[in-house]
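The values are calculated or read from the model by the stated rules, or taken from the named source; none is laboratory data. Just so we're clear, the structure is a prediction, and the values are computed from it rather than from any experiment. Glycine also receives a Cβ, built like all others from the backbone with ideal geometry; neighbour counts cover every protein chain displayed.
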Amino acid sequence: MITVLAGGTGSVKLVRGLASVSKEITAVCNVGDNIWLYGLYVCPDIDTITYGLAGLLDQKRGWGIRGDTFSFIRQMEAMGQPAWFALGDRDLATHVYRTEMLRRKKSLTEITGAITEMLGVGQKILPATDDEVETVISTPKGAMHLQEFWVKNGARPAVTGVTFRGADSARPTRQVVDAIRNSEKIIMAPANPVSSIGPMLAIPGVRRELERAREKVIAVSPIIGGGPVSGPAAKYMNALGLEVSPAGVARYYKDVAGSLVIARTDSKMAGRIELLGMKVETTDIMMKGRRGEARLAMYLAGMARN
Ligand code: GDP
């Protein structure tokens, strides 16, 4: 069994690749970007992974359902409501179902399991915790929810800090603890280290389990050369005083991951990363198309059998 720690758009590529080469995949998903909107509980990373594995994901956007329409959000806008977070009409069904089930006192883990089953996903998708954790971005304009910073404000304000509200008292679920303990290998997908993996590492119980499992934890760098493949990782890493490089990623992960997989073109960084006590592997870590996803997944699954 392989467990993958996953965020959203970058992670789904590797999760899909792994699902194509191995039957027993468990994705443990970030919940720090979850948000209440219009009375609905929206879980962007969980949904990206679910839609990716269900073959529903809009590949171009990297989120939402392919071919979805946006009548609901346009009507909200027409009614003068805030409409900065584009919820698709089909996508809405997921959030309505989830919120109704939360109201009936089901846990997010149970609800996620039910949704994956309804969508025909064979892999296990687990929220890192059933408790609410919220990634908060501090800026000169004030502190705001990650989605407000990223979607509403287009990641424009300077970032002075990143914190995880609720993480201290959040607990990993039994299923997450079991997945970490019973997996042959744990792979940290190439994800935004601060905003996708960070909220999971901020949950003391998750961190403790990963520290114990460190030797079987392999992280894939989301940074190639001096920058991320996509997204705002550089801004968050700078705010935490981390160098925007595979070595900076290594510094953030060193206590919870025994190995870091970096791009061949970054092999000159290996020495610095090894000094942090991590093993280094180099390969092509840019996933282009399904082939690229499967290739990296196969490489990692091979490492997993070592
Ligand atoms: P988010 O929730 O949408 O921010 O998505 P993730 O956190 O899962 O992924 C974003 C990170 O994945 C970014 O920092 C990207 O640099 C990285 N990323 C995206 N595609 C690739 C890829 O093909 N290879 C690698 N190594 N990193 C990638």
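List pairs: first residue in region 262-276 and farther than 20 Å from residue 189 by Cα and touching a residue at least 12 places away in the same chain (Cβ under 8 Å), second residue of a type outside the set (Lys, Arg) and assigned to a loop (DSSP other than H, G, I, E, B) anywhere in the structure, Cβ distance under 9 angstrom, at least six positions apart or on different chains. That search, which allows pairs on different chains as well, returns 272/245.
Take the residues of region 148-181 that are among the polar types (S, T, N, Q) and more than 16 Å from the ligand (Cβ to nearest atom): which is farthest from the chain's Cα centre (by Cα)? The selected residue is 160. Tell me, yes or no, whether region 181-190 has at least one residue that is part of a helix (DSSP H, G or I) and modelled with pLDDT of 95 or more. Yes, because at least one residue in region 181-190 is part of a helix (DSSP H, G or I) and modelled with pLDDT of 95 or more. Of all the listed residues (223, 197), the sole one being within 11 Å of the ligand (Cβ to nearest atom) and either over 21 Å from residue 1 (Cβ atoms) or surrounded by fewer than 24 Cβ atoms within 10 Å (Cβ to Cβ) (or both) is 223.
Name the one entry in 264, 291 that is touching a Ser or Thr at 6+ places or on another chain (Cβ under 9 Å) and among the charged types (D, E, K, R). The conditions single out 264. Within region 52-66, the presence of at least one residue that is away from the ligand (no atom under 16 Å from the Cβ), more than 16 Å from residue 188 (Cβ to Cβ) and touching a residue at least 40 places away in the same chain (Cβ under 8 Å) is confirmed. Residues that are surrounded by 22 or more Cβ atoms within 10 Å (Cβ to Cβ) and at pLDDT below 95 number at least 1 in the following helices (runs of 4 or more DSSP H) confined to region 1-102: 9-21. Considering only region 272-282, I want to know if a residue exists there that is touching a helix residue (DSSP H, G or I) at 6+ places or on another chain (Cβ under 8 Å), within 10 Å of the ligand (Cβ to nearest atom) and not charged (D, E, K, R). No, region 272-282 contains no residue that is touching a helix residue (DSSP H, G or I) at 6+ places or on another chain (Cβ under 8 Å), within 10 Å of the ligand (Cβ to nearest atom) and not charged (D, E, K, R). Among the conditions (1) within 16 Å of the ligand (Cβ to nearest atom); (2) farther than 19 Å from residue 217 by Cα; (3) out of contact with any strand residue (DSSP E or B) (no Cβ under 6 Å at 6 or more places or on another chain), the only one that residue 141 does not satisfy is (1).
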